[in-house]
């Protein structure tokens, strides 16, 4: 399911997948912190700037890298590009739009 052309790139693709997953969990934690800050009426510049970074990360993920993932992909074959077109890119766009009220 990961985007790779040969068997040699499988380990690299798995590493990038794990890195992206860890970053999304970290982003969810930051959003959770920000939500409780806004409910308490407290403003913290560090968490607010972190939300800007999370929002930017989601926007860049939605744009993609212009080859196998994102809105402007050039390849439309393979299992990963189908999954990306149907699920991953729309989710990144949705999460990007949902992150706006937290700013």
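None of the figures in this text is laboratory data; all of them are computed from the coordinates on show. Computed from a predicted structure; not experimentally measured. All Cβ positions, glycine included, derive from the backbone under ideal geometry; neighbour counts span all protein chains shown.
Would you mind getting me the FRET efficiency between residue 100 and residue 72? Use the beta-carbon distance for r and R0 = 25 Å, nearest 0.05.
On the way: r = 22 Å, r/R0 = 0.88.
Rounded to the nearest 0.05, the efficiency is 0.70.
Could you work out how much longer the chain between residue 32 and residue 65 gets when fully extended? Use 0.36 nm per residue separation minus the Cα distance between them, nm to one decimal. Walk me through the numbers before you get to the answer.
Values: separation 33, 0.36 × 33 = 11.88 nm, distance 2.81 nm.
Between residue 32 and residue 65, full extension yields 9.1 nm more.
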In percent, how large is the relative contact order of the range 21-103, given Cα pairs closer than 8 Å and 6 or more residues apart? 28
Tell me which label goes with the value of P(r) over Cα pairs in 10 Å bins from 0, in percent computed from the coordinates here: (1) 14, 41, 27, 14, 4, 0; (2) 15, 51, 30, 3; (3) 14, 39, 25, 12, 8, 2. (1)
Helix 45-63 versus the longest principal axis of the chain: what angle, 0 to 90°, nearest 10, using Cα atoms? 20
Helix-only CD estimate at 222 nm, as mean residue ellipticity for the chain, using -39500 (n - 2.57) per DSSP H run (n ≥ 4): -21000 deg cm²/dmol
Extending each Cα 7 Å along its Cβ direction at residue 16 and residue 42, get the distance between those two points in nm, one decimal. 3.9
